[in-house]
1. Which residue, of Ser42, Ser71, is part of a helix (DSSP H, G or I), of a type in the set (S, T, N, Q) and free of Cβ contacts under 8 Å to residues at least 40 places away in the same chain?
2. Condition (residue is surrounded by 13 or more Cβ atoms within 10 Å (Cβ to Cβ), over 19 Å from the mean Cα position of the chain (by Cα) and not basic (Lys, Arg)) applied to segment 70-82: is it met by at least one residue?
3. Being within 30 Å of Phe126 (Cα to Cα) and in a loop (DSSP other than H, G, I, E, B) narrows it down to one of Leu58, Leu54, Leu63, so name that one.
4. For segment 1-32, which positions are hydrophobic (A, V, I, L, M, F, W, C), assigned to a helix (DSSP H, G or I) and at pLDDT below 85?
Amino acid sequence: MTTITSKLHKKQRNYLLIFGFLYLIVGGIEYALDSGSVLNWSYLIFGVVMLTVLAYQLYNKRLFSVIKWDSKKLILKAPEQKPIVFDRKAIKSIKLTDKSLTINAGLGSGEMMDLDYFKEEDLAFFNKEFVQENSSRAEAYNFAEAS
């Protein structure tokens, strides 16, 4: 399967990083001032859990957008979401702009994906390999159907 992957989504990484360190600092200050409270330990534990979740997401590449395709299907995966699979034959139209990808696959089936974090070279490759090939196949089908 051909794959293009986005750059790291910094907003989603930063909120876990900032709040994780903030909870660790607050818990550390509370622990230094009063070491017997359960609340102090909860701040420290919550900070460690947030930083562990961030490390897990970075390790499993969950903070990246991914577009995969082959001759039979197209798979879109945005950060923090499950992959969305489209059968290539079911796709009616594809609209690719600088900022978004819109897939129309019939009644109530479709998806719009933000492309802010993808490289221009990767998007040009996707456009050449999948979008233009898919549109030429659809036009050939429409011409054969019309005659």
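1. Only one candidate passes the filter, namely Ser42.
2. The answer is no, given that none of the residues of segment 70-82 is surrounded by 13 or more Cβ atoms within 10 Å (Cβ to Cβ), over 19 Å from the mean Cα position of the chain (by Cα) and not basic (Lys, Arg).
3. Leu63
4. Once the filter is applied, which keeps residues that are hydrophobic (A, V, I, L, M, F, W, C), assigned to a helix (DSSP H, G or I) and at pLDDT below 85, segment 1-32 yields only Ala32.
The values are calculated or read from the model by the stated rules, or taken from the named source; none is laboratory data. This is a predicted model, so every value here is computed, not measured. We place every Cβ from the backbone using ideal geometry, glycine too, and count neighbours over all the protein chains shown.
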